[in-house]
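S.K.: The structure's right below; bear with me while I get my questions together.
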Amino acid sequence: MRVAITGTPGTGKTTATELLEERLAEDDSLPDLEVVHLNRVLEDEGLYTEVDADRESKIADLDALADWLEDRDEAVIESHLAHHFDADRVAVLRCEPAALEERLLERGETEAKARENAESEALDVILSEAAEQHGLESIYEVDTTDREPEDVADALEAVVTGEREPSAGEVDFVGYLG
């Protein structure tokens, strides 16, 4: 089984997935899944094609990342890019755009980048891409806005174990754009 954990930057993917990773390592009743933090792989393996100076970000080489992931079928893949790859289940972490923008600014992102990500979140960009790639029956939307990381990790654990039903389109932040 392969589970993708995706979402706009700042939704809490890495923090919650690190907590899930600890649980998977410690609890023998949970599936034995490798946890892949894809952004780290991109950096460590140099799997990007160029650097976008305006956005201060690397442009991922999706083909090279797909090749790197090819034999990792029993895995949890965490990244804002995770939904671009084969997965049985896709958890899409969501966050209210104003709260997301604040989180990004607190971690040192530029105002322009924080605003761009908040607008992307309001427009459901990653959710839409994930649904198009994987189908609504494979999507598990998790609103992280007012939740502690442990609570988000609980939701992700429920996705991994099959204890949670698929859900998509329940979170609506389009009012942020008004």
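S.K.: Within the range 1-33, track down each residue that is part of a loop (DSSP other than H, G, I, E, B), in contact (Cβ under 8 Å) with a residue 12 or more places away in the chain and hydroxyl-bearing (Ser, Thr, Tyr).
M.R.: First pass over the range 1-33, keeping only residues part of a loop (DSSP other than H, G, I, E, B): 1, 8-12, 27-33.
Among the residues that remain, those that are also in contact (Cβ under 8 Å) with a residue 12 or more places away in the chain are: 1, 8-12, 30-33.
Once the filter is applied, which keeps residues that are part of a loop (DSSP other than H, G, I, E, B), in contact (Cβ under 8 Å) with a residue 12 or more places away in the chain and hydroxyl-bearing (Ser, Thr, Tyr), the range 1-33 yields THR8, THR11.
S.K.: How do the pairs read when you match residues in the range 57-72 that are outside any helix (DSSP H, G or I) with residues anywhere that are modelled with pLDDT under 95 and β-branched (Val, Ile, Thr), using Cβ under 6 Å and keeping only pairs 6 or more apart or on different chains?
M.R.: What qualifies is LYS58/VAL51; ILE59/THR49; ASP61/THR49.
S.K.: Now a separate question. Test GLU121 against the criterion of being of a type in the set (Asp, Glu) and in contact with a Cys (Cβ under 7 Å, 6 or more places away or on another chain), and give yes or no.
M.R.: Values: of a type in the set (Asp, Glu): yes; in contact with a Cys (Cβ under 7 Å, 6 or more places away or on another chain): yes.
When the stated conditions are applied, GLU121 passes them.
S.K.: Given (1) under 15 Å from GLY7 (Cα atoms); (2) assigned to a loop (DSSP other than H, G, I, E, B), where does ASP86 come up short, assuming only one miss?
M.R.: With respect to (1) under 15 Å from GLY7 (Cα atoms); (2) assigned to a loop (DSSP other than H, G, I, E, B), ASP86 is out only on (1).
S.K.: When the range 137-175 is examined, which residues are found to be under 16 Å from the mean Cα position of the chain (by Cα) and hydrophobic (A, V, I, L, M, F, W, C)?
M.R.: The answer is ILE139, VAL142, VAL152, ALA153, ALA155, LEU156, ALA158, VAL159, VAL160, ALA168, VAL171.
Conditions (1) of a type in the set (Ser, Thr, Tyr); (2) surrounded by 14 or more Cβ atoms within 10 Å (Cβ to Cβ); (3) not in a strand (DSSP E or B), marked per residue:
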| position | (1), (2), (3) |
| --- | --- |
| TYR140 | yes, yes, no |
| ASP146 | no, no, yes |
| GLU150 | no, no, yes |
| LEU156 | no, yes, yes |
| GLY169 | no, no, yes |
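The values are calculated or read from the model by the stated rules, or taken from the named source; none is laboratory data. Source: prediction; values computed, not measured. We place every Cβ from the backbone using ideal geometry, glycine too, and count neighbours over all the protein chains shown.
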